[in-house]
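Chemist: Here it is: the structure, laid out below.
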Amino acid sequence: MKDLTPRPETLDPIERASRDEITALQTDRLRWSLNHAYANVPFYRKSFEAAGIHPDDLRTPADLARFPFTIKSDLRASYPFDMFAVPRNRIARIHASSGTTGQPTVVGYTKGDLDVWGEVVARSLRASGMKTGDLLHNAYGYGLFTGGLGIHLGADALGLTTVPVSGGMTTRQVRLIEDFRPDGITVTPSYALSILDEYVRQGLDPRASSLQVGIFGAEPWTNAMRREIEDAFDMHAVDIYGLSEIMGPGVANECVETKDGLHIWEDHFYPEVINPETGALVEEGEQGELVFTSLTKEAFPIIRYRTRDLTRLLPGTARSMRRMEKVTGRSDDMIILRGVNVFPTQIEECLMATAGLAPHFQIELSRPERMDQMCVLCEATPAEATSDAKKASGAALVSRIKEDIGISVNVDVSEPGGVARSQGKAVRIIDRRPS
Ligand code: DLL
């Protein structure tokens, strides 16, 4: 793989600032953001008053912990525009979550917010190893989802040539990669695997493709998956994180030269990690739920938003801004199986370490009698698809999961292609338990 480390002089000055400079900037911006939310969004005025706190009570960033949280149901209750802090006619763009779990959450951006979003995504793409003049194949979905259009903004800001393919039509994805010869691809890791399958189906060598880097996010993925994808395409695989409530993609990104967790663009998003049960801040470096406060957003300021994503904060390395460890999973995706907490990423790790199995999987939960059961639906690699080989790799996965996670599961190994493929975010859990 080629060395894609960006030249230091191409970084934004704040990426090379000292911790003191970053903290000073955050303090000013936190004061602005709290005041802006309090003055312009009735929800925040009410919630601050109920907690007996005022924006002027913030002296240092540590004081933020005294302010109340914002949660998903607060956003749903304000559907569609009640959390906007500027008049509707100053909103330049609206995005929304898919709403598969209920009421969609709607977010808005002023022209200034779109500029900031473009800036942080450009920074993310550059950290991933893309540079002005490179060609980007953007296979995140375009539409209300923030992936496609968010990446597009950053690609424009960095001066890339963008191919706005969006998700789906996998045969065409491969055709365009082969014909246009992109340097980078932005896509969910699970859809990257579908594109990989299609390469193989067409008898093409993915390692011979022009791709130098894949920038993967929108869903959890493991370092084992990174190695699989890097090896299959002979390219770098880096992690990009974000969520629509905070901005979209580009809240945090790995640096291609270190791949040691995601640097949070702390000049725009202030992170905290809390104990999800008590709401108290955890010790520096401990795992917990990630909470974000926006520092510069005009249309949709957001204060102490509970993301439900589980991770830990780490000091800066390639940049001075702090890192978050790769997200283990969302608290809502945590399965409690007979008393043991399990995340789909743990199953992914076991699967990737088992010979004869392809990297696609889903987890089916059922309750045949009174006990919950988990069945891992996976598939054989084409080279090991005989019924004996499938039996052996299935048994190997059962014992690996028992050994590494401590739970007994069933494993169903199907023919190659047997597991449902994603064209965006993977659906990992099929819950068939009676509610
Ligand atoms: O998924 C934004 C995005 C688009 C990020 C493209 C990266 C690339 P939402 O649809 O609002 O926004 O979903 C946000 O997805 O709270 C996490 O649970 C999950 N997620 C996003 N990025 C990662 C990642 C976009 N790198 C939710 N690792 C978040 C793990 C991620 N989970």
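Chemist: Where in the range 276-306 is the amide nitrogen less than 13 Å from a point lying 7 Å along the Cα-to-Cβ axis of residue 19?
Modeler: The answer is 284-285, whose backbone nitrogens lie closer than 13 Å to the label point.
Chemist: Separate question: Rounded, prolate or oblate: pick one for the range 311-375, where a ≥ b ≥ c are the square roots of the eigenvalues of its C-alpha gyration tensor, a/c under 1.5 means rounded, and failing that, prolate if a/b is larger than b/c, else oblate. Intermediate values should be presented prior to the final figure.
Modeler: Working: a/c = 3.95, a/b = 1.78, b/c = 2.22.
The shape class here is oblate.
Chemist: How big is the gap, in Å, between the Cα center of the range 299-371 and the Cα center of the range 7-74?
Modeler: Cα centroid of the range 299-371 versus Cα centroid of the range 7-74: 27 Å apart.
Chemist: Is the shape of the range 1-331 rounded, prolate or oblate, going by the alpha carbon gyration tensor and its root eigenvalues a ≥ b ≥ c, with a/c under 1.5 for rounded and a/b larger than b/c for prolate?
Modeler: Values: a/c = 1.87, a/b = 1.62, b/c = 1.16.
Cα axes put the range 1-331 in the prolate bin.
Chemist: How large is the accessible surface of residue 156 in square angstrom, using a 1.4 angstrom probe and rounding to the nearest 10?
Modeler: 90
Chemist: Would you please give the FRET efficiency between residue 278 and residue 179, computed as 1/(1 + (r/R0)^6) with r the Cβ-Cβ distance and R0 = 56 Å, to the nearest 0.05?
Modeler: Taking R0 as 56 Å, the efficiency between residue 278 and residue 179 is 0.55.
Chemist: Ordering 123, 45, 7 by accessible area with a probe of 1.4 Å, largest first, what comes out? Walk me through the numbers before you get to the answer.
Modeler: On the way: 123 5, 45 100, 7 140 Å².
Greatest to least solvent exposure: 7, 45, 123.
Chemist: Is the shape of the range 115-178 best called rounded, prolate or oblate, per the rule: a/c under 1.5 gives rounded, else a/b larger than b/c gives prolate, else oblate, with a ≥ b ≥ c the square roots of the Cα gyration tensor eigenvalues? Let's see the in-between values first.
Modeler: Numbers: a/c = 2.60, a/b = 1.39, b/c = 1.87.
Oblate, because a/c is 1.5 or more while a/b does not exceed b/c.
Chemist: How big is the gap, in Å, between the Cα center of the range 166-230 and the Cα center of the range 407-433?
Modeler: 20
Chemist: With both partners inside the chain, how many of the DSSP beta bridges are antiparallel, as a percent to the nearest 5? Before the final figure, lay out each step's value.
Modeler: Values: 38 of 62 bridges.
Beta bridges within the chain, antiparallel portion: roughly 60 percent.
Chemist: Pick out the long, greasy-scoring helices in the chain: whole DSSP H runs spanning 27 Å or more along their own axis by Cα, mean Kyte-Doolittle at least 0.5.
Modeler: On the way: long enough: 19-40 (31 Å, -0.95).
Helices passing the filter in the chain: none found.
Chemist: Among the listed pairs 259/425; 2/425; 46/111; 46/425; 46/326; 46/72, which are separated by more than 25 Å between their Cα atoms?
Modeler: On the way: 259/425 22 Å; 2/425 28 Å; 46/111 28 Å; 46/425 36 Å; 46/326 35 Å; 46/72 17 Å.
Where the Cα-Cα span goes over 25 Å, the pairs concerned are 2/425; 46/111; 46/425; 46/326.
Chemist: Shifting gears a bit: So what is the 222 nm mean residue ellipticity for the chain from helices alone, if each DSSP H run of at least 4 adds -39500 (n - 2.57) and you divide by all residues, rounding to the nearest 500 deg cm²/dmol? Could you put the intermediate results ahead of the total?
Modeler: Details: 10 runs with 129 residues, N = 435.
Rounded to the nearest 500, the figure is -9500 deg cm²/dmol.
Chemist: May I pose another question? Under a 5 Å amide H to amide H cut-off, with H placed in plane at 1.01 Å, what residues pair with residue 429 once short-range neighbours are removed?
Modeler: It is 363, by chain and number.
Chemist: Top to bottom by accessible area (1.4 Å), largest first, where do 117, 32 land?
Modeler: Details: 117 0, 32 110 Å².
Listed by decreasing accessible area, they come as 32, 117.
Chemist: In whole Hz and in residue order, list the ³J(HN,Hα) couplings for the range 75-92 that follow from phi through the Karplus curve 6.51 cos²θ - 1.76 cosθ + 1.60, θ = phi - 60°; x for Gly and Pro.
Modeler: 5, 4, 5, 9, 4, x, 10, 5, 8, 6, 9, 9, x, 3, 6, 9, 7, 8
Chemist: Roughly what would the spin-label model give for residue 415 and residue 429, points 7 Å off Cα along C-beta, in nm?
Modeler: Label at residue 415, label at residue 429, 3.1 nm between them.
Chemist: With a 1.4 Å probe and all protein chains left in place, how much of the accessible area of the chain comes from carbon and sulfur atoms, in whole percent?
Modeler: Values: 9180 of 18300 Å².
With neighbouring chains kept in place, the figure for the chain is 50 percent.
The values are calculated or read from the model by the stated rules, or taken from the named source; none is laboratory data. Source: prediction; values computed, not measured. So basically every Cβ, Gly included, is an ideal-geometry build from the backbone, and we count neighbours across all protein chains shown. Remember, those area values only see protein heavy atoms, side chains included, never the ligands or the DNA or RNA. Shrake-Rupley method; radii C 1.70, N 1.55, O 1.52, S 1.80 Å.
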